[in-house]
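The values are calculated or read from the model by the stated rules, or taken from the named source; none is laboratory data. Values in this document were obtained by computation on a predicted structure and should not be read as measured data. Positions of Cβ are generated from backbone atoms using ideal geometry, with glycine treated the same way; all protein chains shown enter the neighbour counts. To get the accessible areas, we keep the full protein, side chains included, count just its heavy atoms, and leave off ligands, DNA and RNA. Shrake-Rupley method; radii C 1.70, N 1.55, O 1.52, S 1.80 Å.
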There are 2 protein chains.
Amino acid sequence: MRAARIPDLEAALVQWRSAIGAENVITQASTLAAAETATFFTTPWIPAVIRPGNREEVQACVRIANAARVPIYPVSGGKNWGYGSKVPSADACLMELIRMNRIVDYCEELAHVTVEPGVTQGQLYDFLRSRRSRLWIDASGAGRDSSVVGNTLERGFGHTPYGDHFANVCGLEVVLADGENVDTGFSRFPGAKAGPLYRWGLGPVLDGLFSQSNLGVVTRMTLWLMPAPEYFQAFYFRCDRHDDLPELINALRPLRLNGTLRSAMHIANDYKVVSAIQQYPWEATGGLTPLRPEAMESLRRKYNCGVWNGSGGMYGTRAQVAETRRLVREALRGRVARLQFLDDRKLELAGRFAKLYGAVTGWNLSRALELVRPVYGLMQGIPTDQPLRSCYWRKRALPEQMDIDRDRCGLLWCAPIAPLEGADAAIISDVTARILLKHGFEPMISLTLLTERTIGCVIAITYDRDVAGEDEKALACHEQLLRELNERGYFPYRLGIQSMDQMHGVSGYNSLLGTLKDTLDPNGILAPGRYETRANEAPRVPRTVYGAE
Amino acid sequence: MRAARIPDLEAALVQWRSAIGAENVITQASTLAAAETATFFTTPWIPAVIRPGNREEVQACVRIANAARVPIYPVSGGKNWGYGSKVPSADACLMELIRMNRIVDYCEELAHVTVEPGVTQGQLYDFLRSRRSRLWIDASGAGRDSSVVGNTLERGFGHTPYGDHFANVCGLEVVLADGENVDTGFSRFPGAKAGPLYRWGLGPVLDGLFSQSNLGVVTRMTLWLMPAPEYFQAFYFRCDRHDDLPELINALRPLRLNGTLRSAMHIANDYKVVSAIQQYPWEATGGLTPLRPEAMESLRRKYNCGVWNGSGGMYGTRAQVAETRRLVREALRGRVARLQFLDDRKLELAGRFAKLYGAVTGWNLSRALELVRPVYGLMQGIPTDQPLRSCYWRKRALPEQMDIDRDRCGLLWCAPIAPLEGADAAIISDVTARILLKHGFEPMISLTLLTERTIGCVIAITYDRDVAGEDEKALACHEQLLRELNERGYFPYRLGIQSMDQMHGVSGYNSLLGTLKDTLDPNGILAPGRYETRANEAPRVPRTVYGAE
């Protein structure tokens, strides 16, 4: 029995029930089994799920856990797909903050909102629409039900000028391992008017300590929102040759660096695009995997997509957007096979006259629109479940209600950060294609011009967990990919629970972080192993033994 | 004798001499006296100045200090004027990092530079010009000789789109109190290509711990630089009535919030403008102080300035700037008395034909140019010593070589952060005018649209330290100002060494920061009292007893 691993579990359960109500301390086998299921093979065990309903209950739960030495793993919504979902980095009770779903403050004029961890992007979007707000959120591609706070703390990103999520928050409310409560920034001063407005506050800035971290539980956060521009227009382009990538990136760099392109624009390869539209062509391939690059040509033709497919948003007044359009056109001239611009009016017209429009322009709009609409929406911060469809790529069917953990969709992300340089993008693309194809997976790549100087590459290893042996192959592939990218100087911006040993660098950061953990959480009860590292020590998270249980 | 306060000082001095050379361990009375002199009355004692020449020497010095329990106070250049200059927050040996003045890395394409703490803004500016770089720094108004790293760690700000300095750095190299060395961000991984490019790295973000902090000594930092725009144009405006301020601020807010105005534009009151041009009108006032608001009218007329005087930069292509100009014009229509635009060509023409130009346009350009040029340069990141002149406002003469510590210029800054709201700006302006005039000082105010949502107010208490009683009056004035602003919800973004007790908030931040200090610096040798706070404890820095020694 694994219960022996956590000796005082029973005592903690009794106290939690009394602190937050028995209905919020769940030990039902089906709930635990669901919570223990990610999109790849994992071993950590969840003996119980606790669901505190407010900050005081989080504090009570943490104090009980600390006294009883029972590890807890806090998640906001637990939709950490491709990185471990709700599964802890080591055996622990799951603390789900989904009941804490209040939008506690909102200011239209200065464009910010304060939310609890259970607030989803769909909820926040709907809230603003119901208030007839002129403010936009930045949505990640993780669907309507994913937590805003969770994604932001993991430093996720989206598609608008507010795409770098952690760069657009302030004023965290945090519960430490001893149950104490900390407000960061100016919010620690009662009545501070700039609490939700100014990031640094006074004195050392502690926000970063609680991002990608196991040093505290964030129970509240202020997000900055983007005022809707007078005018929005999207641009789409494609490149038809693999080797077009470096020049394309280099042509876009000056526009990103000088602020002409303010948003985190995306470039996806053909595999990525096709996986968003259809499932694996089982019939055409006779069931053989992986889909070789040679086989992509007909699919590209079918969907009118390129080897590389870019999209970006332009925001501002009509004149500002017109000038951006001119500069984008100029930068991409001769470097892309097709450059299209789209706005609300054109999209509406296109929907109404798709056939006629296609005849006139030669662009098959009906099909394109299906693909274009969700991305077009994301560039305006409209969350969508559409990208989740690509998780079913290797599945045989697509359910009405998607639940990628339950449906045993295989998904492992690997997300290295590269300089905003064509040569770096090419290396990452080549390394990825070689390693993924070798392991039997399709290299699905998207490159996001995440900041003025960097590309956030997102590589998906997508497979079917119901096919024997695939779990093992996928983890081996991921490990090799991460290692080879690291060797070339490309380190991930984020880690899955299976890769926390990658936290080890060489400088004193290791021992400093270890010291901080030992000081703030001496009993190691908060998310043990998560973004943790210790100097001169073997990683505390053992390497996964595939298939062992 | 005060030496008794630091028992093992002699032993430390011997070891420091051996570690970094006797010539870099200074106990000469004149050097110490100069280092103990700020722009206001201070009591802390500096028994020695040490000047390590590289990171290894910093580590050696810190280890020696730690073993001997001798407090050290690290400064980059020590030009922390108005906040304490080089004077420590409590008795300590001064560790000056001025010898560490290397520019260790530079990349034109991705627009970044890595510098040591001794690098000045003037040096960095000259370096880029000598390389014929197309990159701009963001300069603060603190003159050519002030340290880039020091200003950034104090979260200073300037006048370009990169105005919020701490928002545009990454990859800190830090020496901790135990002498260990930490690299933040991706730089902890050997060979990481995004080390100087991506702020967050992997895992908890530690940069903020070392800003406005006494938790470590920053020995290196990467700064992001701004690509020079194709075209730059400045705008200047003035308002002739005190009560114009709120509407003005509210009119500018949407442009700042939506990214049309990307830079930290400034609005200065008449006192601030006049103090930059001339010294106190001793003759006209018969030596009476303060200069009453009624007396400002003739000076405003003389210098053609308003009660409020704004300036901002517009950056981009010609079309981008043209559209910004249109939007600024539209926003300010009917709200300002005069709106002027200026670019290189116009400035050059104006210089050549000042008289003629004045006759045609009615604008006295010769005089205006003298005032305009330095600010125009600052908006392009060109450092200037001109703003230092205002520190001599209450002096009788202006020396050829300015040294405001030596020349006993009195200067105390108070810099609250306010929401970007007209009503808040008005409250701060009114509170400031009332309190400063009551204490006998002129209310010099500048309001910087520091971020999309905040105003950084900078209030200067400027006086002559050679006038008996003024030191005491200035400190009392500063204390009342800070207190009354705090009571209204406006907290400072930065503190002088005399105000470190203001760090105390009410939440667990206090005890968390205390715990971090105790853990990382158990002997309290790094900058004791600086941005430090402890829960349930009286502030460790005693309130200044004026005049006691």
For the range B:149-177, which residues satisfy the criterion of being open to solvent by 10 Å² or more (accessible area, probe 1.4 Å), part of a loop (DSSP other than H, G, I, E, B) and more than 9 Å from chain A (Cβ to nearest Cβ)? B:GLU154, B:HIS159, B:TYR162
Hits in the range A:433-462 - residues which are under 19 Å from the mean Cα position of the chain (by Cα) and either assigned to a helix (DSSP H, G or I) or within 14 Å of chain B (Cβ to nearest Cβ) (or both): A:LEU447, A:THR448, A:LEU449, A:LEU450, A:THR451, A:THR454, A:ILE455, A:GLY456, A:CYS457
Since A:GLU294 meets every condition but one in (1) closer than 19 Å to A:ARG241 by Cα; (2) part of a helix (DSSP H, G or I); (3) in contact (Cβ under 8 Å) with a residue 12 or more places away in the chain, which condition does it not meet? (3)
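Residue-by-condition table, conditions (1) over 24 Å from A:ILE98 (Cβ atoms); (2) within 23 Å of the chain's Cα centre (by Cα):
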{"position": "A:GLY203", "(1), (2)": "yes, no"}
{"position": "A:SER213", "(1), (2)": "no, yes"}
{"position": "A:MET226", "(1), (2)": "yes, yes"}
{"position": "A:GLN233", "(1), (2)": "yes, no"}
{"position": "A:ASP240", "(1), (2)": "yes, no"}
{"position": "A:LEU257", "(1), (2)": "yes, no"}
Just name the residue that is farthest from A:TYR106 (Cα to Cα) out of those in the range A:190-206 that are within 7 Å of chain B (Cβ to nearest Cβ) and open to solvent by 10 Å² or more (accessible area, probe 1.4 Å). A:VAL205
Could we say that A:VAL372 is surrounded by fewer than 21 Cβ atoms within 10 Å (Cβ to Cβ) and within 14 Å of chain B (Cβ to nearest Cβ) here? no
Contact list, first residue from the range A:24-52 and without any contact (Cβ under 8 Å) to a residue 24 or more places away in the chain, second anywhere and open to solvent by 10 Å² or more (accessible area, probe 1.4 Å) and among the β-branched types (Val, Ile, Thr), beta-carbon distance below 8 Å, six or more apart or interchain, is A:LEU32/A:ILE26
Does B:GLU108 satisfy the condition of being over 30 Å from B:HIS478 (Cα atoms), open to solvent by 20 Å² or more (accessible area, probe 1.4 Å) and free of Cβ contacts under 8 Å to residues at least 12 places away in the same chain? no
Could you please find all residues in the range A:288-345 being within 14 Å of chain B (Cβ to nearest Cβ), on the phi < 0 side of the Ramachandran plot and not charged (D, E, K, R)? A:GLY313, A:MET314, A:TYR315, A:THR317, A:ALA319, A:GLN320, A:VAL321, A:ALA322, A:THR324, A:LEU327, A:VAL328, A:ALA331
Within the range A:522-535, can one find any residue that is in a helix (DSSP H, G or I) and either open to solvent by 20 Å² or more (accessible area, probe 1.4 Å) or of a type outside the set (Val, Ile, Thr) (or both)? no
Given the conditions (1) at pLDDT 95 or above; (2) of a type outside the set (A, V, I, L, M, F, W, C); (3) on the phi > 0 side of the Ramachandran plot, and given that A:ASN80 satisfies all but one, which numbered condition is not satisfied? (3)
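One line per residue, one yes/no per condition, for (1) away from chain B (no Cβ under 14 Å); (2) over 21 Å from the mean Cα position of the chain (by Cα):
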site	(1), (2)
A:ALA397	yes, yes
A:GLU400	yes, yes
A:ASP403	yes, no
A:ALA415	no, no
A:GLU421	no, yes
A:GLU470	yes, yes
A:HIS478	yes, no
A:GLU484	no, yes
A:GLY489	no, yes
Scan the range A:237-247 and tell me whether some residue there is at the interface with chain B (Cβ under 7 Å from one of its Cβ atoms) and not aliphatic (A, V, I, L, M). no
What number of residues within the range B:508-521 are open to solvent by less than 20 Å² (accessible area, probe 1.4 Å), outside any loop (DSSP other than H, G, I, E, B) and more than 8 Å from chain A (Cβ to nearest Cβ)? 2
Specify which of the listed residues (A:ILE72, A:ILE46, A:ILE64) is touching a Cys at 6+ places or on another chain (Cβ under 6 Å) and surrounded by 20 or more Cβ atoms within 10 Å (Cβ to Cβ). A:ILE72
Go through the range A:460-507 and give me each residue that's among the aliphatic types (A, V, I, L, M), surrounded by fewer than 19 Cβ atoms within 10 Å (Cβ to Cβ) and at pLDDT 95 or above. A:VAL467, A:ALA468, A:ALA476
Anything in the range B:111-143 that is modelled with pLDDT under 95 and in contact with an Asp or Glu (Cβ under 8 Å, 6 or more places away or on another chain)? List them, or say none. B:GLY143
